[in-house]
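S.K.: Mind looking over this structure? Questions follow.
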Amino acid sequence: MNVYHVKNLSKIYKNRVIFTDVTFIVPEGSIFCIYGKNGSGKSTLLRILYSVMQPDEGDITFNYSNNKTCLCTQFPEHLIYHRKLIDEIGSLTGDCKISEEILTELGLMEKKEIFPFHLSDGEKRLIFLYSYIRTKDLLLLDEPFANLDDESRTKFFNYVDRCSLKNRTIIYSSNRKKDKVFADNVYDLGSVIL
């Protein structure tokens, strides 16, 4: 089954063509990368896929019945509201056991009572990524690897494999070639000629 079938999608903003004639399919259970340079429309395309923005042209067929979806915008670490790390992760997962497993996986159990703002930006980002991957079935992640080192990116996808979460569909954007290696399929917004 395909989660998304995108056909001839175009978006114009203030008389500027953001992208045109975007066509791709995202199979269920796949990891799909939207790749392109800064300003190529990656974030806009993710917002359209999540239905918080409308395309100017084209069609999107969305075939997914589960409501366990999320759009993780750039810099989720700016969305921290709780005074304790364990409470922040708990607000994302809704499950104490999963929250503690994530803390253990990230090596942050001894910091569970600290104010999350004291973590590095990369650690903050990882708590969002790990929480979403454990609790959502369809993830749209906007530049999820910004502020993450190579080891953290690799560790995240190893975590996906170890947790037997291959039935999850992950769509992520990136402007770095090295981030494409984690994807089953890549759509290159830079290859669209405007």
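S.K.: Among the residues of the stretch 125-163, write down those that are part of a loop (DSSP other than H, G, I, E, B) and among the aromatic types (Phe, Trp, Tyr).
M.R.: PHE145
S.K.: Among LYS37, LYS11, which is open to solvent by less than 50 Å² (accessible area, probe 1.4 Å), farther than 22 Å from LEU138 by Cα and among the charged types (D, E, K, R)?
M.R.: LYS11
S.K.: So for the stretch 78-90 (the condition being crowded, with 20+ Cβ neighbours inside 10 Å and of a type in the set (Gly, Ala, Ser)), does at least one residue qualify?
M.R.: no
S.K.: Could I ask something else about it? Kindly provide the set of residues from the stretch 21-51 that are of a type in the set (S, T, N, Q), within 14 Å of CYS72 (Cα to Cα) and outside any helix (DSSP H, G or I), ordered by number.
M.R.: SER51
S.K.: On to the next question. With the requirement that a residue be surrounded by 14 or more Cβ atoms within 10 Å (Cβ to Cβ) and in a helix (DSSP H, G or I), what does the stretch 108-120 give you?
M.R.: MET109, LYS111, PRO116, listed by residue number.
S.K.: Do we have LYS124 as more than 15 Å from PHE32 (Cα to Cα) and open to solvent by 50 Å² or more (accessible area, probe 1.4 Å) here?
M.R.: no
S.K.: Which numbered condition in (1) at pLDDT 90 or above; (2) surrounded by fewer than 18 Cβ atoms within 10 Å (Cβ to Cβ); (3) more than 27 Å from THR23 (Cβ to Cβ); (4) not β-branched (Val, Ile, Thr) is the only one that LYS177 fails?
M.R.: Looking at each condition in turn, LYS177 falls short on (3).
S.K.: THR61: polar (S, T, N, Q), surrounded by fewer than 14 Cβ atoms within 10 Å (Cβ to Cβ), at pLDDT 95 or above and outside any loop (DSSP other than H, G, I, E, B), yes or no?
M.R.: For THR61, the condition - polar (S, T, N, Q), surrounded by fewer than 14 Cβ atoms within 10 Å (Cβ to Cβ), at pLDDT 95 or above and outside any loop (DSSP other than H, G, I, E, B) - is not met.
The values are calculated or read from the model by the stated rules, or taken from the named source; none is laboratory data. For clarity, every value in this text was computed on a predicted model and none was experimentally measured. Glycine also receives a Cβ, built like all others from the backbone with ideal geometry; neighbour counts cover every protein chain displayed. Calculation scope for accessible area: heavy atoms of the full protein, side chains included, ligands and nucleic acids excluded. Shrake-Rupley method; radii C 1.70, N 1.55, O 1.52, S 1.80 Å.
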